[in-house]
1. Give me a count of the residues in segment 77-111 that are modelled with pLDDT of 95 or more, closer than 18 Å to Ser29 by Cα and surrounded by 15 or more Cβ atoms within 10 Å (Cβ to Cβ).
2. In segment 90-103, how many residues are closer than 18 Å to Ser49 by Cβ and touching a residue at least 24 places away in the same chain (Cβ under 8 Å)?
3. Take Pro33 and decide whether it is of a type outside the set (A, V, I, L, M, F, W, C) and touching a residue at least 60 places away in the same chain (Cβ under 8 Å).
4. Kindly evaluate Ser71 against the criterion of being closer than 15 Å to Phe27 by Cα, without any contact (Cβ under 8 Å) to a residue 40 or more places away in the chain and surrounded by 15 or more Cβ atoms within 10 Å (Cβ to Cβ).
5. Looking only at segment 2-17, which residues are modelled with pLDDT of 95 or more and more than 16 Å from Asp67 (Cβ to Cβ)?
6. As an exercise: evaluate Ser49 against (1) without any contact (Cβ under 8 Å) to a residue 24 or more places away in the chain; (2) more than 11 Å from the chain's Cα centre (by Cα) and give the number of the one condition it does not meet.
7. Being touching a residue at least 40 places away in the same chain (Cβ under 8 Å), touching a His at 6+ places or on another chain (Cβ under 6 Å), buried (at least 19 other Cβ atoms within 10 Å of the Cβ) and closer than 26 Å to Gly110 by Cα, is that true of even one residue in segment 12-28?
Amino acid sequence: MKLISCGEVPAPGGHYSHAVEAGGLVFVSGMLPSGNNQPPAPFEAQVQSALDHCSAVLATAGCSFDDVVQSTVYLVGVEHWPAFNRLYAERMGRHRPARAVVPVPALHHGFLVEIQMVAERPGRA
């Protein structure tokens, strides 16, 4: 097992790693849009920021969005699903990993989205 820390994203706010590699898989912890308890930006900017954080952590682990096999997305307000789906599809392109979108009543610091991913490390599985 390898613990992964990425200097390009905010430090974990709790007792966890940005990601863990085990058995050829990279498990990316839930990524919020921003750190430092900043006031939330508009929803679409939050999604882009959370995806940027996921991308940076994946890159640190030697992966990209093309290696993602599963993602779980927590959304405050199911009404944000269409906008999220559009932005996610734009970033993932033709790649369609398994995914769950879970409506929740609230997230830390008033954010509206959190994204967790699992990727297969190229050449490792």
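1. Qualifying residue count for the region: 4.
2. Let us first name the residues in segment 90-103 that are closer than 18 Å to Ser49 by Cβ, namely 90-92, 101.
Keeping just the survivors that are touching a residue at least 24 places away in the same chain (Cβ under 8 Å) gives 91-92, 101.
Qualifying residue count, segment 90-103: 3.
3. yes
4. Details: closer than 15 Å to Phe27 by Cα: yes; without any contact (Cβ under 8 Å) to a residue 40 or more places away in the chain: no; surrounded by 15 or more Cβ atoms within 10 Å (Cβ to Cβ): yes.
Here the answer is no, as Ser71 does not meet what is asked.
5. Of everything in segment 2-17, those that are modelled with pLDDT of 95 or more and more than 16 Å from Asp67 (Cβ to Cβ) turn out to be Leu3, Ser5, His15, Tyr16, Ser17.
6. Checking Ser49 against (1) without any contact (Cβ under 8 Å) to a residue 24 or more places away in the chain; (2) more than 11 Å from the chain's Cα centre (by Cα), the one that fails is (2).
7. no
The values are calculated or read from the model by the stated rules, or taken from the named source; none is laboratory data. In this text, all values refer to a predicted model and were calculated from it rather than measured experimentally. Methodologically, a virtual Cβ is constructed for each residue, glycine included, from the backbone with ideal geometry; neighbour enumeration extends over all protein chains shown.
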